[in-house]
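Accompanying notes for the structure given below.
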Amino acid sequence: MSIIRDPSLAAAGVKKIEWVKEYMPVLRQIEERFKKDKPFAGMRISVSVHLEAKTAYLAQVLAAGGADVAATGSNTLSTKDEICAGLASQGYKVYAWHGATEEEYWSHMKKTLEFKPHIVIDDGGDFMSLLHGECAHYGENLLGGCEETTTGIMRLKAREREGSLKFPMMAVNDADSKHLFDNVHGTGQSVWDSIMYTTNVMLTGRDVVVAGYGFCGKGVAMRAKGLGARVIVTEINPWRAMEAVMDGFRVMKMDDAARIGEFFVTVTGNKDVITARHYEVMRHNAFLANAGHFDVEFNKGDLRGMSTKIEERRPYIEGYHMKDGRILNVLADGKLVNIVAGNGHPADIMDMSFALQAMGALHIAQNGKNMKPALYSIPIEVDREIAVMKSKAMGLGLDVLTPEQEAYWHGTGE
């Protein structure tokens with residue numbers, strides 16, 4: 001039996017799931033393939049990804065392949081209650097609701113693992129933390145799983161280095177069909193969609209500070225520049241710093257950027273990128289938003305300690321009043337701004353990401369018994385197949401190498 005907040009929202013949830021399916025042609029093709037082949041027959045799959053419409057469709061695709069699917073959300077504020085209700089009304093096991101307390105969040109996570117899955121779809125690594133700790137007994141049937149995001153892969157790599165990783169895991173985020181599109185273009189668009197809708201403030205002509213110039217940071221900086229902002233990048237990596245300069249952005253230390261910025265977006269995957277000494281010099285009415293997986297990139301404890309009052313100024317905007325009269329605005333409680341205060345990545349971008357998840361799960365179903373506990377790349381032929389399917393769906397014309405060109409490329413021809 002599902003544990004959700006409001007079953008009466010089911011119709012609205014189903015309608016939203018049906019809408020995103022229209023814009024996910026690759027996943028629709030995979031669904032048809034799975035319906036025919038039933039590769040997950042007799043298997044249980046637990047899913048922990050931001051529980052909104054695109055994720056719900058992924059759950060449906062896995063179920064079309066014969067799987068018994070249980071789902072929860074990987075972030076308490078990104079979970080959409082109508083989507084939970086919609087999935088539950090169709091017979092799926094759903095354990096989540098929007099705004100769950102920390103205790104409720106972990107309870108929902110454990111409940112989703114309770115039926116001892118054969119495959120897990122993880123986002124950020126919380127499933128893996130439980131399966132390597134207090135819920136290890138729920139992993140007795142586990143063949144392996146897939147990890148969605150950069151932060152989760154970092155945590156898996158740490159386990160792999162220390163030799164403690166118990167299961168084979170597919171690094172979905174590292175596939176070209178994921179990080180070159182989802183991370184750059186999905187994050188870039190959805191972050192500014194949510195910030196502009198939430199603040200109702202013009203971005204053109206304003207100073208934007210982007211912390212981190214990985215794939216996600218590149219997308220955030222690029223979109224801000226396209227919208228007319230003056231963009232500053234902060235980095236610890238000299239190559240990325242030089243790349244940002246050559247892409248047309250200013251690069252400086254956060255200590256200096258803190259005095260200039262009007263909008264701050266953190267995309268580093270690390271903690272305490274912005275702390276008390278930065279808050280002390282920020283401009284009145286500066287906006288602080290996070291697009292990294294966990295809400296640790298700017299230190300909210302420091303900010304609370306420095307504040308005389310905290311008030312909700314608009315939905316998803318809390319104003320922290322400083323002693324000198326300045327107000328610093330925190331968006332989405334420091335959690336993923338593009339999903340908490342927005343609709344997440346566009347459906348046509350998540351089409352590729354979730355196609356990779358579905359095919360990664362298929363790889364585990366077919367090969368997991370013979371795979372050693374380690375972090376694995378999505379097979380290049382699968383990555384390419386998804387890219388070709390998406391290109392065709394977009395109506396792109398692709399040239400094909402002649403046999404002579406193939407031979408020349410591989411050094412076997414003249």
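The values are calculated or read from the model by the stated rules, or taken from the named source; none is laboratory data. It should be emphasised that the depicted structure is a prediction, and the values quoted were computed from it without experimental measurement. A quick note on method: Cβ atoms are made from the backbone with ideal geometry, for glycine too, and the neighbour counts reach across all protein chains shown. Areas reflect the complete protein model, heavy atoms only, side chains present, ligands, DNA and RNA absent. Shrake-Rupley method; radii C 1.70, N 1.55, O 1.52, S 1.80 Å.
Can you pull out the residues in the range 23-52 that are aliphatic (A, V, I, L, M) and open to solvent by less than 10 Å² (accessible area, probe 1.4 Å)? Lay out the reasoning, then the answer.
Applying the first criterion (aliphatic (A, V, I, L, M)) to the range 23-52 yields 24, 26-27, 30, 41, 43, 45, 47, 49, 51.
Passing the criteria: Met24, Val26, Leu27, Ile30, Ile45, Val47, Val49, Leu51.
I'd like to check something: does the range 106-116 contain any residue that is free of Cβ contacts under 8 Å to residues at least 40 places away in the same chain and either under 20 Å from Val340 (Cα atoms) or under 16 Å from the mean Cα position of the chain (by Cα) (or both)?
yes
Starting from residues that are surrounded by fewer than 20 Cβ atoms within 10 Å (Cβ to Cβ) and of a type in the set (D, E, K, R), keep the ones in the range 83-122 and report whichever is farthest from Tyr316 (Cα to Cα).
Among them, the one singled out is Lys116.
Could you grab me the full set of residues in the range 284-315 that are surrounded by fewer than 20 Cβ atoms within 10 Å (Cβ to Cβ) and of a type in the set (A, V, I, L, M)?
Answer for the range 284-315, where residues must be surrounded by fewer than 20 Cβ atoms within 10 Å (Cβ to Cβ) and of a type in the set (A, V, I, L, M): Val296, Met306, Ile310.
Given the structure, is Gly188 open to solvent by less than 10 Å² (accessible area, probe 1.4 Å), among the small types (Gly, Ala, Ser) and part of a helix (DSSP H, G or I)? Step through it out loud before you land on a result.
On the way: open to solvent by less than 10 Å² (accessible area, probe 1.4 Å): yes; among the small types (Gly, Ala, Ser): yes; part of a helix (DSSP H, G or I): yes.
Yes.
If you check Leu165, Leu180, Leu203, which single one turns out to be farther than 20 Å from Ala241 by Cβ, in contact with a helix residue (DSSP H, G or I) (Cβ under 8 Å, 6 or more places away or on another chain) and at pLDDT below 95? Let's see the steps before the verdict.
Details: Leu165 fails: at pLDDT below 95; Leu203 fails: at pLDDT below 95.
On inspection, the qualifying residue turns out to be Leu180.
Do we find that Asn343 is in a helix (DSSP H, G or I) and open to solvent by 10 Å² or more (accessible area, probe 1.4 Å) in this structure? So that I can check it myself, show each step before the final result.
Values: in a helix (DSSP H, G or I): no; open to solvent by 10 Å² or more (accessible area, probe 1.4 Å): yes.
The answer is no for Asn343.
Are there any pairs with C-beta distances below 6 angstrom linking a residue in the range 280-305 that is of a type in the set (A, V, I, L, M) to a residue that is in a loop (DSSP other than H, G, I, E, B), with the two at least 6 apart or on different chains, and if so which?
Partner pairs satisfying both residue conditions: Val281/Ala258; Val281/Arg259; Met282/Ala258; Ala286/Glu262; Ala291/Val267; Val296/Lys271.
If you scan the range 290-309, which residues turn out to be under 27 Å from His345 (Cβ atoms) and among the aliphatic types (A, V, I, L, M)?
Once the filter is applied, which keeps residues that are under 27 Å from His345 (Cβ atoms) and among the aliphatic types (A, V, I, L, M), the range 290-309 yields Ala291, Val296.
Could you tell me whether any residue of the range 316-332 is open to solvent by 10 Å² or more (accessible area, probe 1.4 Å), aliphatic (A, V, I, L, M) and either within 24 Å of Gly145 (Cα to Cα) or without any contact (Cβ under 8 Å) to a residue 24 or more places away in the chain (or both)?
Checking the range 316-332: not a single residue is open to solvent by 10 Å² or more (accessible area, probe 1.4 Å), aliphatic (A, V, I, L, M) and either within 24 Å of Gly145 (Cα to Cα) or without any contact (Cβ under 8 Å) to a residue 24 or more places away in the chain (or both).
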